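Comments concern the structure below.
The values are calculated or read from the model by the stated rules, or taken from the named source; none is laboratory data. Remember, predicted model here, so these are calculated numbers, not experimental data. For neighbour counting, all protein chains shown are included, and Cβ atoms are generated from backbone atoms with ideal geometry for every residue, glycine included.
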Amino acid sequence: MDISVIGASGGCGREVVTRLVSGGVLGRRELLQLVGGNPQSSRPSYLHGLRADLQDAYAENIPEIDVTDDADEIVGDIVVMAAGATFPTDSAKAGGLQSRDDLARANHALFEHFAAAVARNRKGNPPVVIVLSNPVELGVHVFCRHLPREYVLGMGAFSDSQRFRWEIASQLGVVRQRVHASMAGEHGLGMVPLWSTVRIHGLQPDELAATIARLRDGTVSADFPARLAAEHAALMAQMMADPIDGPVRALARVARLPPDLRVALKPFPVHYSQAKTISATATATVELVTALCEGRAVEICAQYQHRGELGIHGPIGNRLILEGAVRRVVPGDDLSDEELALLQACGVRCRSKIREWSHD
Amino acid sequence: MTDLTCASAFPQQIIAIELQDRPGSVNSVAEVFSGRGLQIEAFHGTAGDLNADGHAHALIVFCAGADRASLVTRVLRRLSSVRSAELLGADDPRLIESVLIARSNGRPPAGISVCALGAQTALAAGSPAAMHAWLAGDDAPQRLGALRLDLLRDAPDGPLAN
């Protein structure tokens with residue numbers, strides 16, 4: 001498999017590239033393409049330097065590394081879209097540029113530029129596109145206007161599901177590998193925790209039910225959006241009130257919340273701590289890329305352009321069967337009515353935002 | 001009788017490349033094909049006709065659909081060992097000679113010249129189109145060596161021009 005990483009000079013793109021190389025995901029004769037996301041970049045030599053540095057560091061098993069700024073030269077079988085603007089990490093400015101609307105306006109043209117170029121050159125051989133850039137739902141939507149939807153995935157729900165598994169595992173004192181769980185819906189404040197999908201290796205059904213009830217601490221799915229909105233407002237106020245120590249205090253505050261709220265809220269103090277969520281996102285991305293490269297059939301949770309599956313329309317996160325490309329959406333017969341209703345409402349909300357962002 | 005044309009339902013494709021003259025270059029090119037399940041029917045390169053900057057010309061013959069052939073060409077262009085790669089049409093005027101060693105009991109068609117090498121072996125030469133038609137026809141010869149295509153004329157403005 002050849003892999004193209006768009007925005008390879010950004011924080012997340014560079015981390016993905018480094019892990020792909022250091023992890024030996026690609027063979028010596030496979031191509032790793034570093035694609036500049038900004039033709040007007042003030043650092044036009046950066047990717048050439050990165051290539052040389054990677055070759056020095058991982059010479060024992062280095063793939064062929066190509067550098068280009070030309071979207072028409074993208075040749076990967078897998079294309080990772082990591083280019084685009086992101087929120088500043090200064091918590092003092094967290095109330096400024098910082099809505100997803102702003103981000104959508106900033107990144108829409110970029111999504112369109114790369115989606116059109118990939119489609120122009122790869123109509124008969126579409127690559128699998130993994131969108132990391134935000135708003136991820138808009139990215140998925142734009143790429144799906146140019147490519148078959150089976151070939152377009154958004155990383156948001158994949159990362160969120162990994163976080164969900166970790167939050168459950170850490171509270172129970174077990175390793176993440178023992179926990180299966182999916183966090184669906186819209187990346188950010190529109191996510192939908194699918195508690196019905198939680199499985200913990202070694203627990204019998206009655207033990208599992210009792211454990212989940214303890215983790216949820218009396219909360220129900222239908223209340224999740226309101227609880228999340230309220231906690232988010234309090235968290236942001238806390239961080240903006242104290243730009244120096246606010247993120248640390250916010251992390252402590254988040255740690256006292258139930259696992260599903262922690263998943264949605266923890267990335268905010270992590271981001272504004274200036275560490276950003278690069279490692280988690282890159283690790284999840286490389287895990288997904290590895291599954292694609294190995295050709296395994298896997299169940300994942302990722303943003304996908306729904307066309308009526310489970311009554312959902314729009315590019316929201318959901319469970320998918322992946323076999324090279326998306327084969328199907330996992331049937332929702334194991335979901336509760338509340339979860340299904342939240343997903344459907346999320347799809348409606350998401351479509352409405354996308355219409356506004358993209359003027360469709 | 002051996003089928004000398006591509007053993008494939010897909011059309012024959014020809015890519016002309018300029019390849020760096022260094023160890024591993026051919027291997028990296030071959031991996032682009034083998035990694036996609038494409039068989040190279042013929043690979044003709046020359047190190048005796050290097051450009052001033054050390055690049056050799058090579059021709060690669062394979063069978064694939066138009067989309068895959070286009071993608072392979074684009075991937076080749078991105079390799080560090082390849083300076084240019086161009087997908088040529090079968091009727092590209094720069095392809096002016098095909099040569100192969102063959103065993104044939106029949107008479108070659110018009111456009112193919114044959115020079116006997118032994119009792120049953122001959123050197124056959126002709127235009128690529130005529131050679132391809134002969135190989136695909138009922139009187140196709142038995143191939144005794146890889147099909148070889150020579151790029152004998154450079155377009156003045158093409159990527160392969162010296």
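Here residue A:75 does not qualify as under 20 Å from the mean Cα position of the chain (by Cα) and either within 14 Å of chain B (Cβ to nearest Cβ) or under 29 Å from residue A:343 (Cα atoms) (or both).
Considering A:302, A:297, the condition of being of a type in the set (Gly, Ala, Ser) and modelled with pLDDT of 95 or more is satisfied by A:302 alone.
When the residues of the range B:70-99 are filtered to those that are surrounded by fewer than 20 Cβ atoms within 10 Å (Cβ to Cβ) and touching an Asp or Glu at 6+ places or on another chain (Cβ under 6 Å), the one that is farthest from the other protein chains (Cβ to nearest Cβ) is B:97. Scanning the range A:9-53 for residues that are touching a Lys or Arg at 6+ places or on another chain (Cβ under 7 Å), more than 14 Å from every other protein chain (Cβ to nearest Cβ) and at pLDDT 95 or above turns up just one, A:50. Selection of the range A:67-86 for residues being under 21 Å from residue A:292 (Cα atoms) and among the acidic types (Asp, Glu) yields only A:77.
Scanning the range A:344-351 for any residue that is charged (D, E, K, R), part of a helix (DSSP H, G or I) and closer than 25 Å to residue A:113 by Cβ turns up at least one such residue.
When the range A:15-65 is filtered for residues that are in a loop (DSSP other than H, G, I, E, B) and among the β-branched types (Val, Ile, Thr), the ones remaining, listed by number, are A:25, A:62. Taking the stated definitions as given, is residue A:51 in contact (Cβ under 8 Å) with a residue 24 or more places away in the chain and either farther than 19 Å from residue A:132 by Cβ or surrounded by 15 or more Cβ atoms within 10 Å (Cβ to Cβ) (or both)? The answer is no for residue A:51. Report yes if residue A:83 is buried (at least 19 other Cβ atoms within 10 Å of the Cβ) and more than 14 Å from chain B (Cβ to nearest Cβ), otherwise no. Yes; evaluated as a whole, the condition is true for this residue.
With respect to the stated conditions, residue B:28 is within 14 Å of chain A (Cβ to nearest Cβ), touching a Ser or Thr at 6+ places or on another chain (Cβ under 6 Å) and free of Cβ contacts under 8 Å to residues at least 60 places away in the same chain. Of all residues in the range B:81-124, those that are without any contact (Cβ under 8 Å) to a residue 12 or more places away in the chain and more than 23 Å from residue B:137 (Cβ to Cβ) total 2.
Per the listing B:67, B:21, B:53, the residue uniquely within 14 Å of chain A (Cβ to nearest Cβ), surrounded by fewer than 21 Cβ atoms within 10 Å (Cβ to Cβ) and modelled with pLDDT under 95 is B:67. Determine whether the range A:323-341 contains at least one residue that is β-branched (Val, Ile, Thr) and assigned to a strand (DSSP E or B). Yes; the residues of the range A:323-341 include at least one that is β-branched (Val, Ile, Thr) and assigned to a strand (DSSP E or B).
Condition test on residue A:192, is it modelled with pLDDT of 95 or more and more than 19 Å from the chain's Cα centre (by Cα)? The answer is no for residue A:192. Would it be correct to say that residue A:61 is farther than 22 Å from residue A:278 by Cα and away from chain B (no Cβ under 13 Å)? Yes; evaluated as a whole, the condition is true for this residue.
In the range B:29-101, counting only strands (runs of 3 or more DSSP E) that sit wholly within it, the ones holding 3 or more residues that are closer than 26 Å to residue A:1 by Cα and of a type in the set (A, V, I, L, M) span B:55-63, B:82-88. Does residue A:146 meet the test of being touching a residue at least 24 places away in the same chain (Cβ under 8 Å) and not assigned by TED's automatic domain parsing to the domain that holds residue A:285? Here the answer is yes, as residue A:146 does meet what is asked.
In the set (1) closer than 30 Å to residue A:127 by Cβ; (2) of a type in the set (Ser, Thr, Tyr); (3) under 18 Å from the mean Cα position of the chain (by Cα), residue B:98 fails one condition alone, (1). Here residue A:334 clears all of (1) without any contact (Cβ under 8 Å) to a residue 40 or more places away in the chain; (2) of a type outside the set (Ser, Thr, Tyr); (3) surrounded by fewer than 18 Cβ atoms within 10 Å (Cβ to Cβ) except the condition numbered (1).
Only one entry of A:292, A:251 meets the criterion of being part of a helix (DSSP H, G or I), assigned by TED's automatic domain parsing to the domain that holds residue A:176, within 27 Å of residue A:2 (Cα to Cα) and among the hydrophobic types (A, V, I, L, M, F, W, C), and that entry is A:292.
The C-beta contact set for the range A:296-307 (first residue in the same structural domain as residue A:188 (by TED's automatic domain parsing), second residue at pLDDT 95 or above and assigned to a loop (DSSP other than H, G, I, E, B), distance under 6 angstrom, 6+ apart or interchain) comprises A:306/A:312.
Here residue A:2 meets the list (1) within 14 Å of chain B (Cβ to nearest Cβ); (2) of a type in the set (D, E, K, R); (3) out of contact with any Asp or Glu (no Cβ under 8 Å at 6 or more places or on another chain) almost entirely, failing just condition (3).
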